[in-house]
Each structure stands twice: as C-alpha cells, then as structure tokens.
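Peer 1: Next up is a structure, given as structure tokens.
Only the coordinates and a few stated rules stand behind these numbers; no lab work does. Please read all numbers here as calculations on a predicted model, not as lab measurements. When we count neighbours, we look across all protein chains shown, and the Cβ atoms used for this are built from the backbone with ideal geometry, even at glycine.
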C-alpha cells in the first residue's frame, strides 16, 4: 500500500485556490492539504501520524509552483495545533483525516480561497468528473522527482460497490473511503499527494466541494486499482465539531 498526480497536467495560477503544500521538518514537501477556513487546513491522518508535533510543519498556499513558495502571492504559515481523528487506523488507513490549525489567519484573495465541505447527506454520483491535485510523484517508480508546477488530473467518482469487487480492491474499503480514478488507470494520485484535495464542481450549487482527501492506493494509476480518498461527507460533522471545540473565533 503506497502512502500516497500521475497522468496529470500543469495547473494554471488560480485554478485550485484551496491547495496546500505541507512541508515537514527535515523532510521537505511531504503532503498536500485543503484550506477549509482562514485558519484551518484539512490533511491526511497518515501524514500527521508520522510527524505528530505541530511545530514540525509549515504550510504554503497561493502558488502554482513550489519554486515560488517564498515569493508573493504565496503565503507561509506555521501550524499551532494538530487534531488527528482518534479512530485513525495506520494499517487499514480508515478514518484518515487530520485538521491543522494555523498560527495566523490566511488572507483570502485571487490566489487563496477555501473549498466548501459537502453536507453529510450530499451524494457525489458514480461517474462524476472531479480533480485530484498535488505535487506528488509523477509515477510509482519511487524515484521520480516532485514536479515544480502543481499537477492535476481529471478522474471520475467510482462507487464503492464497483470499487470493492473481487478483481478491484475487494474488502479493503470501508464506508469512510471513496474511490476515484479511471477504469483503465493512467490518472491517479501518487506519493506526496497525500492529504490533498479531490475537488468536484457541483453545478446545482455553483461551488467547488471537497469530495475527499488523498489517502492510499495500490501502486499509482493501475487498472481497476483506483485511488482511495477519505470520504468527506462522513467527516463533515467531525470537522466542524472539532473546530468548534478548539477555536473560539468560529461560532
């Protein structure tokens, strides 16, 4: 199981305004994340489990290329608190979500915006086109460099009934997980994308919603082995409850 954009393309400035690049002390660019409020980021529990100290992490937002992370309009923030889902299982990757509180608020502008969390009853139908984005490896050789420019790939939501078939991911899925990819493979998340967004444009609402965050996969871009994401509709209530308990500014 890889801790996990393959088959993607460069993202223009201002495309995925909620994309976060998370850097861990001594490890460089390690994971992705999504902006959900001006001072809160969502990422994967398997990222924070490996580096549980908040002071070990730095978040960069507002840039399309890693080489621009120290220049305007990019914004850099230290992390003051990590809330890792207490039910996270480091063997099955179940409940693979963590929240990071920023030491100071982000400035929302043309380059930095939050993504909407879906209501718990929202359905992202099978076949719905969505986008995975990140600075993860471009293939699963284990030695491809991280791209400088943010990559994204258009992939489709795949229902759990399909994804858990015997010749797919079998019994590895839980109801906290969501599959997305292409049946033929080729487009997928890969190492270094972990915790980053699976973003879906919902025409009825006129907004982008976070369907999932990159969790795990078997290899990258293999046929019938789509990427697996933490299913956001399951976690929306946990997210808002956790934030309310730890942030007086959010009521």
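Peer 1: Quick one: give the max-minus-min coordinate of the C-alpha atoms of region 166-228 along each principal axis, largest first, in Å.
Peer 2: Principal-axis extents of the Cα atoms in region 166-228, largest first: 36, 24, 21 Å.
Peer 1: So what does the Cα-only Debye profile of region 81-128 read at q = 0.25 Å⁻¹, as log10 I(q)/I(0), no solvent term?
Peer 2: One equal scatterer on each Cα of region 81-128 leads to -1.02.
Peer 1: A further question on this structure: Sorted from fewest to most neighbouring beta carbons within 10 Å, what does the list 107, 149, 20 look like?
Peer 2: Ranking 107, 149, 20 by Cβ neighbours within 10 Å, fewest first, gives 107, 149, 20.
Peer 1: Mark the label point 7 Å from the Cα of residue 186 along Cα→Cβ and return the residues of region 128-164 whose backbone N is within less than 15 Å of it.
Peer 2: Answer for region 128-164: 153-156.
Peer 1: Over 16 Å, how big is the tail of the calculated P(r) for region 68-108, in percent of all Cα pairs?
Peer 2: 55
Peer 1: Could you give the spread of the C-alpha atoms of region 115-232 along their three principal axes, from largest to smallest, in whole angstroms?
Peer 2: 40, 36, 21
Peer 1: Sticking with this structure for a sec: Within region 131-172, which residues have the backbone N less than 17 Å from the label spot 7 Å out from residue 116 along Cα→beta-carbon, could you tell me?
Peer 2: 131
Peer 1: How big is D, in µm² s⁻¹, for region 35-160 by Stokes-Einstein at 4 °C and 1.567 mPa s if Rh is the Kirkwood radius over C-alpha pairs?
Peer 2: 78
Peer 1: Rounded to the nearest 500, what is the chain's calculated 222 nm mean residue ellipticity when only DSSP H runs of at least 4 contribute -39500 (n - 2.57) each, over all residues?
Peer 2: -2500 deg cm²/dmol
Peer 1: In addition: Along the Cα-to-C-beta direction of residue 249, a point sits 7 Å from the Cα; which residues of region 66-84 have their amide N less than 14 Å from that point?
Peer 2: Residues passing the 14 Å test: 77-81.
Peer 1: Next question, about the same structure. Fewest Cβ neighbours within 10 Å first, please rank 150, 87, 37 accordingly.
Peer 2: With the fewest neighbours first, 150, 87, 37 line up as 87, 37, 150.
Peer 1: Which whole-percent values make up P(r) of the chain when all C-alpha to C-alpha distances are grouped in 10 Å steps starting at zero?
Peer 2: All Cα pairs, binned at 10 Å, distribute as 8, 36, 39, 15, 1 percent.
Peer 1: What order do you get for 236, 43, 48 when you list them from fewest to most C-beta neighbours inside 10 Å?
Peer 2: 236, 48, 43
Peer 1: Now, a different point. So if I take the centroid of the Cα atoms in region 105-175 and the same for region 62-102, what is the distance between those two points in Å?
Peer 2: 15
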